[in-house]
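Below: one structure, written as structure tokens.
Bear in mind that the values in this text are calculations on the coordinates, not laboratory data. From a predicted model like this one, the values you see are computed outputs, not experimental measurements. Here Cβ is always computed from backbone atoms with ideal geometry, including for glycine, and neighbour counts include all displayed protein chains.
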Amino acid sequence: MFAAVLKHGLETAHGVEITHCASLAALRNAVEMDGGEFSVAVLDLNLPDAPNCEALDYVISHNIAAIVFTGLFNNSTREDILARNVVDCVIKSRPDSISHVISAVDRALTNARTNVLLVDS
């Protein structure tokens, strides 16, 4: 249910095509077929064929900005995820979780198009 609602929300809000992957195998196939053009990935930590954050590791290894959207979360998981330099982490059970993910995607897309050089002594 979350995937369908989020896909529709992201396509409507950002006018971009969303590729949905329900497994690590599908994720790998999509990234290989796309040729490295994905800017942002919204992903769960636990997939049927990747129950231990393997999808997150894969996305990060391909330099794709990651937004974690998960139902299972505790302090240990939080520390581990934040150490991986994700854009954001959203808990599915929060009432505003869909709008929060859409906003995080907006920030990630905006930041990807903005280059800032700071020179300071």
For L47, enumerate residues with amide H under 5 Å from its amide H, sequence gap 5+ or separate chain, H modeled in the peptide plane.
-> N52, C53
So how do M1, M33 line up by other beta-carbon neighbours within 10 Å, fewest first?
-> M1, M33
Hey, what do the phi angles of the range 9-20 turn into as Karplus ³J(HN,Hα) couplings, whole Hz, using 6.51/-1.76/1.60 and θ = phi - 60°, x for Gly and Pro?
-> x, 5, 5, 5, 6, 10, x, 10, 7, 9, 9, 9
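As a test of the formula, what do you get for the chain when each DSSP H run with n ≥ 4 contributes -39,500 (n - 2.57) and the sum is divided by the residue count, at 222 nm and rounded to the nearest 500 deg cm²/dmol? Working shown, then result.
Working: 5 runs with 57 residues, N = 121.
Calculated at 222 nm, the ellipticity per residue is -14500 deg cm²/dmol.
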Relative contact order in percent for the range 2-112 (Cα pairs under 8 Å, 6+ apart) equals 24 percent
With labels modelled as points extended 7 Å from the Cα through the Cβ direction, what inter-label distance (nm, one decimal) is found for A13 paired with I102?
-> 0.6 nm
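If we count other beta carbons within 10 Å of each Cβ, what is the order of L82, L43, L10, fewest first?
Values: L82 12, L43 23, L10 20.
Taking fewest neighbouring Cβ atoms as first place, the list is L82, L10, L43.
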Under the Karplus relation 6.51 cos²θ - 1.76 cosθ + 1.60, θ = phi - 60°, what is the ordered set of whole-Hz ³J(HN,Hα) values for the range 38-51, x standing for Gly and Pro?
-> 6, 8, 9, 10, 9, 9, 7, 7, 10, 10, x, 9, 8, x
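Pull out a ≥ b ≥ c, the square roots of the eigenvalues of the alpha-carbon gyration tensor of the chain, then state rounded if a/c is under 1.5, prolate if not and a/b is larger than b/c, and oblate in the remaining case.
Rounded.
Are there any GluC sites (Glu not before Pro) in the range 31-62 that are in a DSSP loop and have at most 11 other Cβ atoms within 10 Å? List them by number.
On the way: sites: E32, E37, E54; in loops: E37.
Here the GluC sites (Glu not before Pro) that fit, given the DSSP loop and packing criteria, are E37.
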